[in-house]
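Read the figures in this text as sums done on the coordinates, not as results from a lab. Model, not experiment: these values are computed from the prediction. Reconstructed Cβ throughout: ideal geometry from the backbone, glycine too, with neighbour counts over all protein chains shown.
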Amino acid sequence: MIAMLLAAGRGERMRPLTDHTPKPLLEVAGKPLIAWHIENLVRAGIREIVINHAHLGAQIEKALGDGSRFGAHIQYSSEGKALETAGGIAYALPLLLPSPFGGGIEGGGEPFAVINSDIFCDYNFARLPERAAGLKASGDAAHLVLVSNPAQHPNGDFHLHDGRILPTSDQRLATNDLKFTFSGIGIYQPVLFKDIPRGSIAPLAPLLRAQIVLGKVSGEHHQGFWVDAGTPQRLAELDSQVCSLQKTSRTLHNAP
């Protein structure tokens, strides 16, 4: 399957770090955030990768190249100006649908994964092809990976009930059902983006909420490690934590 890494954001909350460096190239434990994702995708057997970019995008292409040093094949979708998530995905569709458009967007095409490049997590990307196959079999429009609400986002985004993302008004929700936070990892059917004019700015949330009302979105709760490295402070804390974990791992590995 194909995975798309979202890397077009300006990273306003990361300033001044992002004034001269695109956010995906900011480092954790000596490695760019986006490189962690590429390596994890390759380990999971996912080697076809599309990366969109806008702000300082040339730096991203120079740093990652064609992906061969990772064992991947990387293609780039240069937006010029950031088109937001759904707009960026729609713009990249020619790269995400092999054999031009897989018979056309209306003709189907394979589901693809989309991952925010500014998160850090231990989600097992080897699950993505299975989730994509399930999406195609069910006819759902999307599958979302959710996480427990972090301190900076206590109210969450979506209700998850028995593997389905439900609207707040759904009667199946108990009064104590909590919302979870979208992790930035999702799998989507190409047809979800068919009505977005190529090159237009379009957010993802309205598309998802419309499909949730139609009962066409599945989901899962990832309970492992996940961080949205969205501010300099959170990035520094993440860097310290990962470096500490690596040091502990090396110590245990080298123990007699």
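Points worth noting:
- Selected from 218, 169, 183 as most flexible by GNM, with the chain as the system and alpha-carbon contacts under 10 Å: 169
- Residues whose amide H comes within less than 5 Å of that of residue 51, counting only those at least five positions distant or on another chain, are 5, 75, 76, 77 (H built at 1.01 Å from N in the peptide plane).
- The antiparallel fraction among DSSP beta bridges confined to the chain stands at about 50%.
- Student exercise, region 4-132 dipole from Lys, Arg, Asp, Glu Cβ charges, in Debye to nearest 20: 260
- Between region 61-77 and region 201-224, the Cα center-to-center distance that results, in Å: 29
- Amide N proximity, region 30-44 versus residue 124 label position 7 Å along Cα-to-Cβ, cut-off under 19 Å: 37-44
- Region 1-97: trypsin sites (Lys or Arg not before Pro) in DSSP coil with no more than 12 other Cβ atoms inside 10 Å: 81
- Scanning residues 5 or more positions from residue 28 or on other chains, those with amide H under 5 Å from its amide H are 33, with H placed 1.01 Å from N in the peptide plane.
- Residues residue 201 and residue 39, FRET efficiency given R0 of 35 Å [Cβ-Cβ distance, rounded to 0.05]: 0.65
- Chymotrypsin sites (Phe, Trp or Tyr not before Pro) restricted to region 5-94 and DSSP loop, no more than 15 other C-beta within 10 Å: none
- Relative contact order computed over the chain (Cα-Cα under 8 Å; 6+ residues apart), in percent: 24
- Nonlocal Lys pairs with alpha-carbon distance under 24 Å, the chain (8 or more apart, or different chains): 11
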